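So the structure is just underneath, and the comments pick up after that.
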Amino acid sequence: MFPISDDHPTLRTPVMTLLMLGVTWGVWLFVQGGGAPMALAVSVCDLGFVPGEVSRLAPLGLGVPLGVVDGRAMGCFVDNQLINWFTPVLSIFLHGSWGHIIGNSLYLWVFGNNVEDSMGRGRFVAFYLLTGVAAAMAHLLVDPTSPVPTVGASGAISGIMGAYLVLYPKVRVRTFIPPIFLFRFPAWLVLIFWFGGQVLSGLPQLSPLRREISGGVAVWAHVGGFVAGVLLARWFENPELVRRRTAVSDAKMVWS
């Protein structure tokens with residue numbers, strides 16, 4: 001299921017959603033070289049979130065092989081650089097492939113603009129970053145010794161989706177189901193279905209014998225971000241903006 005739009009237009013231009021998208025794509029193109037192998041490897045190794053580095057439970061020098069990049073054998077190695085403490089935030093703006101960034105951008109746009117419209121611009125940015133960090137901490141709790149760097153906005157976007165569930169559960173979301181089906185489902189159904197899929201995918205990862213089962217996806221970061229979004233949504237919403245949105249919606253219902 002791929003959400004592509006919703007039936008709930010915003011009252012204000014989603015400036016910060018657009019800004020987050022712009023920063024994310026700027027990092028992808030100019031820091032990560034648009035996926036150029038060497039630039040991608042260096043950015044992920046140096047700026048990606050490594051649970052074992054933050055927890056200090058992974059041995060220094062422990063390496064994760066990346067294979068051959070531009071004719072050179074590459075690997076990421078655990079270190080104790082100061083920048084490691086900032087990677088829970090920095091990694092939000094990094095991605096691992098074109099498909100990764102395109103998918104995250106779609107989800108951020110579909111769900112982010114309405115959440116921003118009810119929080120206000122400053123609160124929305126704070127919420128986005130906070131749920132992204134919460135997602136990283138959830139991943140750390142599940143696998144605190146991991147030397148594998150993780151990147152992507154998925155955790156923060158999961159927080160946005162959790163907030164959307166709280167704020168707009170009945171809004172219809174246009175959802176594409178491959179290969180050709182397009183449906184309009186209530187948001188609560190789309191989001192709970194997605195969340196349930198993440199939990200089911202992550203359960204085998206809790207077994208110390210099969211941590212690789214999630215296929216390299218930090219699904220517990222998604223779960224942690226989503227739960228954080230659900231819990232924090234009402235704290236970050238702006239009552240005046242919500243009142244305006246409610247008034248506009250009521251007026252449309254009267255005229256229709």
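The values are calculated or read from the model by the stated rules, or taken from the named source; none is laboratory data. Just so it is clear, the structure is predicted and the values come from calculations on it, not from any experiment. Note that we place each Cβ from the backbone using ideal geometry, even for glycine, and neighbour counts take in every protein chain shown. Each accessible area value is taken on the protein alone, full model and side chains, heavy atoms only, with ligands, DNA and RNA left out. Shrake-Rupley method; radii C 1.70, N 1.55, O 1.52, S 1.80 Å.
Just a few scattered comments:
- Only one entry of ALA73, ALA39 meets the criterion of being part of a helix (DSSP H, G or I), among the aliphatic types (A, V, I, L, M) and more than 26 Å from THR131 (Cα to Cα), and that entry is ALA39.
- Counting only residues that are more than 20 Å from LEU130 (Cα to Cα) and open to solvent by less than 70 Å² (accessible area, probe 1.4 Å), region 89-100 holds 4 of them.
- Selection within region 1-31 - of a type in the set (Gly, Ala, Ser), part of a helix (DSSP H, G or I) and open to solvent by 30 Å² or more (accessible area, probe 1.4 Å): GLY22
- Only one of the listed residues (SER105, SER158) is of a type in the set (Ser, Thr, Tyr), open to solvent by less than 10 Å² (accessible area, probe 1.4 Å) and part of a helix (DSSP H, G or I). That residue is SER158.
- Some residue of region 193-203 being touching a strand residue (DSSP E or B) at 6+ places or on another chain (Cβ under 7 Å), open to solvent by less than 10 Å² (accessible area, probe 1.4 Å) and modelled with pLDDT under 90: no
- Filtered by the rule that a residue be among the hydroxyl-bearing types (Ser, Thr, Tyr) and under 15 Å from PRO88 (Cβ atoms), region 39-69 gives a lone residue, SER55.
- Test: GLY132 is closer than 30 Å to ARG244 by Cα and surrounded by fewer than 15 Cβ atoms within 10 Å (Cβ to Cβ): no
- Filtering region 178-190 for residues that are outside any helix (DSSP H, G or I), aliphatic (A, V, I, L, M) and under 24 Å from LEU94 (Cβ atoms) leaves an empty set.
- Residue list for region 51-67, restricted to those being surrounded by 14 or more Cβ atoms within 10 Å (Cβ to Cβ) and out of contact with any Ser or Thr (no Cβ under 6 Å at 6 or more places or on another chain): GLU53, VAL54, SER55, LEU62, VAL64, LEU66
- Any pair with Cβ under 9 angstrom, 6 or more apart, that starts in region 17-31 at a residue that is on the phi < 0 side of the Ramachandran plot and ends at one that is exposed (fewer than 14 other Cβ atoms within 10 Å of the Cβ) and assigned to a helix (DSSP H, G or I): TRP28/GLY34; TRP28/TRP98
- Residue in region 138-145 that is touching a residue at least 40 places away in the same chain (Cβ under 8 Å), surrounded by fewer than 20 Cβ atoms within 10 Å (Cβ to Cβ) and polar (S, T, N, Q) present: yes
- Tallying residues that are open to solvent by less than 30 Å² (accessible area, probe 1.4 Å) and part of a helix (DSSP H, G or I) within region 76-88 yields 3.
- Tally of residues being in a helix (DSSP H, G or I), open to solvent by 30 Å² or more (accessible area, probe 1.4 Å) and at pLDDT 75 or above across region 223-253: 12
- Hits in region 42-63 (condition: within 23 Å of ILE101 (Cα to Cα) and either more than 19 Å from the chain's Cα centre (by Cα) or assigned to a helix (DSSP H, G or I) (or both)): VAL42, SER43, VAL44, CYS45, ASP46, LEU47, PRO51
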